[in-house]
Every structure is written in C-alpha cells, then in structure tokens.
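Q: Just passing along the structure, written as structure tokens.
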Amino acid sequence: MASQSLSMLLTELAGGRVRIVDLTVPLAPDTPIIHLPPQFAQSHPLTVEVISKFDAQGPGWYWNNLEVGEHTGTHFDAPIHWATGKDLPNNTTDTIAPEKFVGPACVIDVSGEVAKNPDFLLTPERILAWEKDHGKIPRQSWVLLRTGWSERRGDAYLNDSPDGPHSPGFHKSASEFLARDRDVLGVGVETVGTDAGQAAKFDPPFPNHSTMHGAGKFGLASLCNLDQLPPIGAIVIAAPLKIVNGSGSPCRALALVPN
Ligand code: MN
C-alpha cells in the first residue's frame with residue numbers, strides 16, 4: 001500500500017539507510033552566473049536588500065528583498081526558456097505538472113574525460129557505453145552529467161577566455177537521443193548552464209537547450225555533489241518557484257540516495 005511505502009521511507013531516512021544529498025550550491029551575490037556573448041542582454045546576479053533586522057525598520061524581525069535572475073545558481077530551466085519550446089503546453093514554471101519535479105537519476109560520470117578536455121561533449125556512443133554497465137535509461141529520468149566541474153572555484157568555474165567560455169556539455173546528437181529515444185525528464189549539469197561553454201558557436205547555437213526545451217524537457221544547472229550519487233538508484237527532487245510565466249527559477253535540488 002502507498003501509505004506503507006511512505007512510512008517505510010521515513011523509517012529508512014531516520015535509520016540512515018536512505019540519505020539526502022544536497023545538490024544545491026549556496027545562493028549569494030557572488031554565485032557565478034552565465035556570461036552571454038556581449039551583444040546580448042545579461043542576467044543579474046543575486047542582490048539582497050535588508051528590509052529590517054531587529055532594528056527601527058522592524059524591531060522583532062529580519063527579512064530581505066531579493067533581486068535575482070531566474071537562471072542564477074542551482075536552477076531549473078522550463079521549456080519556455082527557449083524559442084523551440086515557447087508554444088508548448090504547460091511550459092512555464094507555474095504550469096509544469098508537479099509530478100515532474102520528482103524522478104529517478106541516471107548519473108553519467110565523465111569527470112575523467114573532462115579533466116583532460118574542458119570542452120568535452122557527451123555523445124550517444126558514450127551514453128550507450130554507460131547503458132551497457134547500468135541498463136537502459138528509464139523514461140522520465142533525470143540524466144545528470146557528472147563532470148567534477150562544481151569543484152572549480154573563482155574564475156576557473158566559468159572558465160571564460162577571449163574566444164568564449166570553455167566548459168563541458170552535450171553533443172546535439174546526445175541531446176536528441178536523450179529527448180527522443182529515451183524520453184528523459186531532462187538533463188542536469190554541474191556547469192553554469194546546460195550547454196557547453198562554446199555552444200553559442202554550435203549549429204544550432206546552444207543545441208542542448210534547443211533540443212531539450214523543444215521536446216518539452218527540462219534542465220538543471222549548477223548542481224553539486226553528483227559524486228555522492230550512485231549511477232542509478234537515486235531519486236531527484238527539484239522544483240522551481242511557481243513564478244507565473246516563469247522561464248526557470250533558482251531551486252533547492254535534493255537527491256534521495258540509498259546508503
Ligand atoms: Mn538556465
């Protein structure tokens with residue numbers, strides 16, 4: 001019975017046999033945000049304005065006003081974020097079915113390849129090699145690309161250079177394979193966005209966004225602690241704020257992991 005499953009989950013959590021891994025980076029004014037090519041408008045980082053802090057403005061309470069780009073820190077990308085997904089039904093943060101905010105995780109570890117090549121792109125061949133070891137990616141799974149990138153600090157995280165940023169991502173054919181042949185929920189990455197750093201120059205530009213959102217799939221960016229997840233068996237819970245017509249939002253991404 002469903003009620004038994006839920007009480008069992010609580011027992012497993014209390015007993016430490018299921019653990020919660022926080023996949024979320026701290027959200028602060030210095031949290032890295034994506035830099036688009038200079039001809040485009042830029043997203044704002046987080047700014048925090050204190051409303052009151054136990055002072056004349058509010059003697060008994062502390063609270064802040066926030067200003068933040070939707071795509072800041074660990075965040076959720078909704079299909080309306082991209083031109084390819086702009087006319088799909090239920091494509092905004094407030095209209096996506098909440099069932100979609102919970103799903104199994106398949107973690108593909110390419111950190112070895114990325115250590116040698118920061119421009120590494122996931123290919124369908126690499127996905128099939130992963131499936132040989134771990135089985136076919138189930139429908140409505142999150143595919144999380146473990147690159148080790150979240151361990152980078154300072155300028156090394158965005159890894160900007162005169163010819164644009166250098167960071168790993170997906171070959172267009174891999175995004176197509178995951179969206180169409182595997183019908184995933186979406187992809188999650190440790191980098192600042194779900195496309196490779198050089199993807200503004202790809203054909204089409206930003207092919208992972210273009211493909212995933214065009215197929216009604218989602219994105220999770222700036223994840224961390226993917227090294228604490230098994231290749232299969234974890235469950236991701238990641239929900240954006242219910243912003244009306246929102247294209248995405250910072251989120252608290254958590255994983256339930258068997259110990
Ligand atoms: Mn985004």
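The values are calculated or read from the model by the stated rules, or taken from the named source; none is laboratory data. Small disclaimer: the values here were computed from a predicted structure and weren't measured. Backbone-built Cβ (ideal geometry, glycine too); neighbour counts: all protein chains shown. We work out accessible area using only protein heavy atoms, side chains counted, and drop any ligands, DNA or RNA first. Shrake-Rupley method; radii C 1.70, N 1.55, O 1.52, S 1.80 Å.
Q: Do the conditions hold for residue 76, that is, is it closer than 25 Å to residue 31 by Cα, of a type in the set (Phe, Trp, Tyr) and more than 16 Å from the ligand (Cβ to nearest atom)?
A: Numbers: closer than 25 Å to residue 31 by Cα: yes; of a type in the set (Phe, Trp, Tyr): yes; more than 16 Å from the ligand (Cβ to nearest atom): no.
Considered against the rule, which asks whether it is closer than 25 Å to residue 31 by Cα, of a type in the set (Phe, Trp, Tyr) and more than 16 Å from the ligand (Cβ to nearest atom), residue 76 comes out as no.
Q: Kindly establish whether residue 33 is within 16 Å of the ligand (Cβ to nearest atom) and either part of a loop (DSSP other than H, G, I, E, B) or modelled with pLDDT of 95 or more (or both). Before you say what the answer is, go through the steps one by one.
A: On the way: within 16 Å of the ligand (Cβ to nearest atom): yes; either part of a loop (DSSP other than H, G, I, E, B) or modelled with pLDDT of 95 or more (or both): yes.
Judged against the criteria, residue 33 is a match.
Q: Show me the helices (runs of 4 or more DSSP H) found entirely inside region 64-169 where at least 1 residues are open to solvent by less than 60 Å² (accessible area, probe 1.4 Å) and more than 22 Å from residue 228 (Cα to Cα).
A: Where helices (runs of 4 or more DSSP H) fall fully within region 64-169 and carry at least 1 residues being open to solvent by less than 60 Å² (accessible area, probe 1.4 Å) and more than 22 Å from residue 228 (Cα to Cα), they are 124-134, 155-158.
Q: Moving to a separate point now. Residue 257 fails exactly one of the following numbered conditions: (1) surrounded by fewer than 17 Cβ atoms within 10 Å (Cβ to Cβ); (2) among the aliphatic types (A, V, I, L, M); (3) in contact with a helix residue (DSSP H, G or I) (Cβ under 9 Å, 6 or more places away or on another chain). What is the number of that condition?
A: Going through the list (1) surrounded by fewer than 17 Cβ atoms within 10 Å (Cβ to Cβ); (2) among the aliphatic types (A, V, I, L, M); (3) in contact with a helix residue (DSSP H, G or I) (Cβ under 9 Å, 6 or more places away or on another chain), residue 257 breaks only (1).
Q: OK, next. Under the condition of being in a strand (DSSP E or B) and open to solvent by 20 Å² or more (accessible area, probe 1.4 Å), which residue from region 227-238 is nearest to the ligand (Cβ to nearest atom)? Walk me through it before giving the result.
A: Here is the first cut: in region 227-238, the ones in a strand (DSSP E or B) are 234-238.
Now drop any that are not open to solvent by 20 Å² or more (accessible area, probe 1.4 Å), which leaves 235, 237.
Working: 235: 22, 237: 19 Å.
Within region 227-238, the match that is nearest to the ligand (Cβ to nearest atom) is 237.
Q: Could you list, in sequence order, the residues of region 82-108 that are touching a helix residue (DSSP H, G or I) at 6+ places or on another chain (Cβ under 6 Å), in contact (Cβ under 8 Å) with a residue 40 or more places away in the chain and within 16 Å of the ligand (Cβ to nearest atom)?
A: If the condition is that a residue be touching a helix residue (DSSP H, G or I) at 6+ places or on another chain (Cβ under 6 Å), in contact (Cβ under 8 Å) with a residue 40 or more places away in the chain and within 16 Å of the ligand (Cβ to nearest atom), then 82, 84, 85, 91, 92 are the ones that fit.
Q: Check region 195-205 and report whether any residue there is in contact with a strand residue (DSSP E or B) (Cβ under 7 Å, 6 or more places away or on another chain), within 24 Å of residue 45 (Cα to Cα) and not in a helix (DSSP H, G or I). If you could, list the steps in order and put the result at the bottom.
A: To start, the set of residues in region 195-205 that are in contact with a strand residue (DSSP E or B) (Cβ under 7 Å, 6 or more places away or on another chain) comprises 195-196, 199.
Still in the running and within 24 Å of residue 45 (Cα to Cα): 195-196, 199.
If we keep only those that are not in a helix (DSSP H, G or I) too, we end up with 195-196.
Checking region 195-205: at least one residue is in contact with a strand residue (DSSP E or B) (Cβ under 7 Å, 6 or more places away or on another chain), within 24 Å of residue 45 (Cα to Cα) and not in a helix (DSSP H, G or I).
Q: Being more than 16 Å from the ligand (Cβ to nearest atom), part of a loop (DSSP other than H, G, I, E, B), touching a residue at least 40 places away in the same chain (Cβ under 8 Å) and out of contact with any Asp or Glu (no Cβ under 9 Å at 6 or more places or on another chain): is that true of residue 38 here? Break it down into steps so the answer makes sense when it comes.
A: Details: more than 16 Å from the ligand (Cβ to nearest atom): yes; part of a loop (DSSP other than H, G, I, E, B): yes; touching a residue at least 40 places away in the same chain (Cβ under 8 Å): no; out of contact with any Asp or Glu (no Cβ under 9 Å at 6 or more places or on another chain): yes.
Considered against the rule, which asks whether it is more than 16 Å from the ligand (Cβ to nearest atom), part of a loop (DSSP other than H, G, I, E, B), touching a residue at least 40 places away in the same chain (Cβ under 8 Å) and out of contact with any Asp or Glu (no Cβ under 9 Å at 6 or more places or on another chain), residue 38 comes out as no.
Q: Hey, can you tell me all the residues within region 171-226 that are away from the ligand (no atom under 15 Å from the Cβ), surrounded by 19 or more Cβ atoms within 10 Å (Cβ to Cβ) and at positive phi?
A: The answer is 216, and nothing else.
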